[in-house]
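Presented below is the structure to which this report refers.
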Number of protein chains: 2
Amino acid sequence: MAEVRAKANKKVVLKDFITAGFPKESDMEVVTTDTVRLKVPEGSKAVLLKNLYLSCDPYMRSRMSKHDEPSYVPDFVPGSVITGFGVGKVVDSSHPDFKVGDFVWGMTGWEEYSLITETEMLFKIRYTDVPLSYYTGLLGMAGFTAYVGFHEICAPKKGEYVFVSAASGAVGQLVGQFAKLMGCYVVGSAGSDDKVNLLKNKFGFDEAFNYKKEPDLSAALKRLFPEGIDIYFENVGGPMLDAVLINMRTHGRIAVCGMISQYNLEKPEGVHNLFYLVAKRIRMEGFLVFDFFHKYHQFEEIIAQYIKDGKITYVEDKAEGLENAPAALVGLFAGHNVGKKLVVVSHE
Amino acid sequence: MAEVRAKANKKVVLKDFITAGFPKESDMEVVTTDTVRLKVPEGSKAVLLKNLYLSCDPYMRSRMSKHDEPSYVPDFVPGSVITGFGVGKVVDSSHPDFKVGDFVWGMTGWEEYSLITETEMLFKIRYTDVPLSYYTGLLGMAGFTAYVGFHEICAPKKGEYVFVSAASGAVGQLVGQFAKLMGCYVVGSAGSDDKVNLLKNKFGFDEAFNYKKEPDLSAALKRLFPEGIDIYFENVGGPMLDAVLINMRTHGRIAVCGMISQYNLEKPEGVHNLFYLVAKRIRMEGFLVFDFFHKYHQFEEIIAQYIKDGKITYVEDKAEGLENAPAALVGLFAGHNVGKKLVVVSHE
């Protein structure tokens, strides 16, 4: 019997829980303290992955702080490897659904090799003729979030007026494109002129604006939506939500995907205009992609076809190497990324 | 041809638009400046009503202020009679749906006689064997609001945990009873110990609390809902909503009926905990009864039967005479009323 190889396993570790404020690179460290056997344990139903791409996502901010009550995702464990969505290749497996050589995406570790013992959030990649890194975004959690959020929560109709905040981000850029494919009018907001250009000239948004240059957000929305907003895909929270509420149309819908402007504040900002929910009979609904995984295969098939037909545009912003992973994650909250932020651990 | 009688027509007039703050009695005046012919004009399709009961409702506060943009209900006209929901008897009619002697409820004036030319919001009373004043509340807008808000917006299931704020008010007391009839656990909040007693001992709420005596609203809700809240029927807004959001269960629903705690503020208070909409996948939906009038007959039949079967308890708080109407309306915002506040213009 051949000796099982053991390899050094570089990883990104959270040093300690952080409190309010932006996360810093120094809150994490990249270490190579132990080795990994490239075999799953005897008698297990586990999968050993070589990680290729890791996804940087806003929801990870919440996991870096300690919660007194269980949140919808567990807190990270200080001193342990950070976990998140990623793409990997199966190096060994004792699980019947995954075999050596398969490409998979799902919940993995920010490290070179991960032993996955809980496989509910691991999915075999069925389309290997598209860039595999797309499974960290377009074909992974961000894309699926955009898809279920827009189609299931917003219940869009052709010709409706759609507004997307954080529109150049991983989710927003796709919501805008899904809305255009439905025949909607779509406006996006973003935090730099470069991003605004991208929205208008690459992603096909009808209009876009730089929220940092608008002293009056409500006036900006009124200018771009003289008839009002039917659908708001909410990614930011705070003052933008207040401005949107003023500009919503009767029977409008707000899909609450995230509130990234609030994640680093000690106390979230107050939202003052909620009475418009009554006056305009607005439905505002939060959602998490975790509730929709039974629809993932259907989604994967549709999007893979869109990609092959050239119907969808997707921009990635890649950081090379685990060493650069902390900076990549931290940059997300400063809005440094243009397009989907991901870390390349190893090329295929 | 008999001469048409003309009668003096006492009425309540809004003197001028008010800005922020509680309305005062002196913002209105009771005048008898003109007379009314007790005949509808020739060639019209109008109804002349003798008003019997007038409903005092929180939404009327909004109509007392000037809005730059059209609101969901038109502003009152300074110098003119206040309008609102009420019960009346048809004195003359040239409308095929209404004949002399019919009792009706709907939008009318705060005056002795009203000529109704727009009859979309006028409904013939089909059950005259219940107290007619009930059509200002239980069988009128408040009851119908409670019914559609609870059954259509909250989508309740047997055994769910329901919280109602402003629970002793016209709408709240009924939501609680509809929830009990569905087999739910129901807790209500109110602003005095008397109201709390009423909720527990008269309306059959499982629990109730005086929010003015709770320094920590979230802790109060945690005490009464150790498992969390499935359904929140929102009548008050502000800090109560923030406390509820913390205590909601996954996939909870919030029907936003009103936000009475905010109506007299210059700027509404901020709500800080909206991210729970995402973490707990909460649907929060505003509604107005105006969208549901096609279901009114079905509602009227069900409630009339409930009343006859003794399945529902209803408390009215009557002010006698138009002279006392301004005080009755103003008292609503100070929480003076116990049960449904209405003004008796004339006994049947």
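Remarks
- Filter result for residue B:94 (of a type outside the set (Lys, Arg), closer than 30 Å to residue A:247 by Cα and over 17 Å from the mean Cα position of the chain (by Cα)): no
- Look at (1) over 15 Å from residue B:9 (Cα atoms); (2) part of a strand (DSSP E or B); (3) within 23 Å of the chain's Cα centre (by Cα); (4) in contact (Cβ under 8 Å) with a residue 40 or more places away in the chain and you find that residue B:62 fails only one, number (2).
- Residues within the range B:65-100 that are closer than 22 Å to residue B:321 by Cα and free of Cβ contacts under 8 Å to residues at least 40 places away in the same chain, tallied: 3
- Residue A:238 vs. criteria in contact with a Pro (Cβ under 8 Å, 6 or more places away or on another chain) and within 28 Å of residue B:288 (Cα to Cα): yes
- The listed residue being within 15 Å of residue B:339 (Cβ to Cβ) and of a type in the set (A, V, I, L, M, F, W, C), out of B:148, B:196, B:87, B:100: B:196
- Within the range A:306-320, residues that are assigned to a helix (DSSP H, G or I) reach partners that are surrounded by 12 or more Cβ atoms within 10 Å (Cβ to Cβ) and among the aliphatic types (A, V, I, L, M) with beta carbons closer than 7 Å, at six or more positions or on different chains, in the pairs A:306/A:312; A:307/A:130.
- The requirement of being of a type in the set (S, T, N, Q), closer than 27 Å to residue A:109 by Cβ and crowded, with 24+ Cβ neighbours inside 10 Å is fulfilled nowhere in the range A:150-169; no residue meets it.
- When the strands (runs of 3 or more DSSP E) confined to the range A:89-131 are screened for residues that are more than 22 Å from residue A:76 (Cβ to Cβ) and aromatic (Phe, Trp, Tyr), those reaching at least 1 such residues are found at A:103-109, A:122-124.
- Residue match in the range A:277-292 (condition: without any contact (Cβ under 8 Å) to a residue 40 or more places away in the chain, part of a helix (DSSP H, G or I), closer than 25 Å to residue A:212 by Cβ and within 14 Å of chain B (Cβ to nearest Cβ)): no
The rows are residues; the columns are (1) out of contact with any Asp or Glu (no Cβ under 9 Å at 6 or more places or on another chain); (2) among the hydroxyl-bearing types (Ser, Thr, Tyr).
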site	(1), (2)
B:195	yes, no
B:198	yes, no
B:204	yes, no
B:211	yes, yes
B:220	no, no
B:228	yes, no
B:253	no, no
B:258	no, no
B:261	no, yes
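- Residue in the range A:122-139 that is within 16 Å of the chain's Cα centre (by Cα) and under 30 Å from residue A:266 (Cα atoms) present: yes
- Qualifying residue in the range B:147-155 (condition: modelled with pLDDT of 95 or more, out of contact with any helix residue (DSSP H, G or I) (no Cβ under 8 Å at 6 or more places or on another chain) and assigned to a helix (DSSP H, G or I)): yes
- Test result for residue B:50, of a type in the set (D, E, K, R), surrounded by fewer than 16 Cβ atoms within 10 Å (Cβ to Cβ) and not assigned by TED's automatic domain parsing to the domain that holds residue B:237: no
- Sole residue being touching a residue at least 60 places away in the same chain (Cβ under 8 Å) and buried (at least 24 other Cβ atoms within 10 Å of the Cβ), chosen from A:254, A:231: A:231
- Test for residue A:328: is it touching a Phe, Trp or Tyr at 6+ places or on another chain (Cβ under 8 Å), hydrophobic (A, V, I, L, M, F, W, C), buried (at least 16 other Cβ atoms within 10 Å of the Cβ) and in a helix (DSSP H, G or I): no
- Every residue from the range B:315-325 that is buried (at least 19 other Cβ atoms within 10 Å of the Cβ), under 24 Å from residue B:196 (Cα atoms) and modelled with pLDDT of 95 or more: B:319
- The listed residue being closer than 25 Å to residue B:317 by Cβ and surrounded by fewer than 20 Cβ atoms within 10 Å (Cβ to Cβ), out of B:128, B:108, B:117: B:128
- Residue match in the range A:300-308 (condition: away from chain B (no Cβ under 14 Å) and touching a helix residue (DSSP H, G or I) at 6+ places or on another chain (Cβ under 7 Å)): yes
- The set of residues from the range A:248-276 being small (Gly, Ala, Ser), at the interface with chain B (Cβ under 7 Å from one of its Cβ atoms) and under 26 Å from residue A:147 (Cα atoms) comprises just one member, A:258.
- The set of residues in the range B:297-315 being under 13 Å from residue B:177 (Cβ atoms) and of a type in the set (A, V, I, L, M) consists of B:302, B:303, B:307, B:312, B:315.
- Residues satisfying the stated conditions in the range B:42-77, i.e. within 14 Å of chain A (Cβ to nearest Cβ) and acidic (Asp, Glu): B:57, B:68, B:69, B:75
- Residue B:243 fulfils the conditions (1) in contact with a Ser or Thr (Cβ under 7 Å, 6 or more places away or on another chain); (2) over 21 Å from residue A:267 (Cβ atoms); (3) more than 12 Å from every other protein chain (Cβ to nearest Cβ) except for a single criterion, (2).
- Exactly one residue among B:30, B:87, B:81 is at pLDDT 90 or above and within 30 Å of residue B:167 (Cα to Cα), and that residue is B:87.
The values are calculated or read from the model by the stated rules, or taken from the named source; none is laboratory data. Please read these numbers as outputs of a predicted model, since none were measured by experiment. Note that each Cβ is placed from the backbone with ideal geometry, even for glycine, and that neighbours are counted across all protein chains shown.
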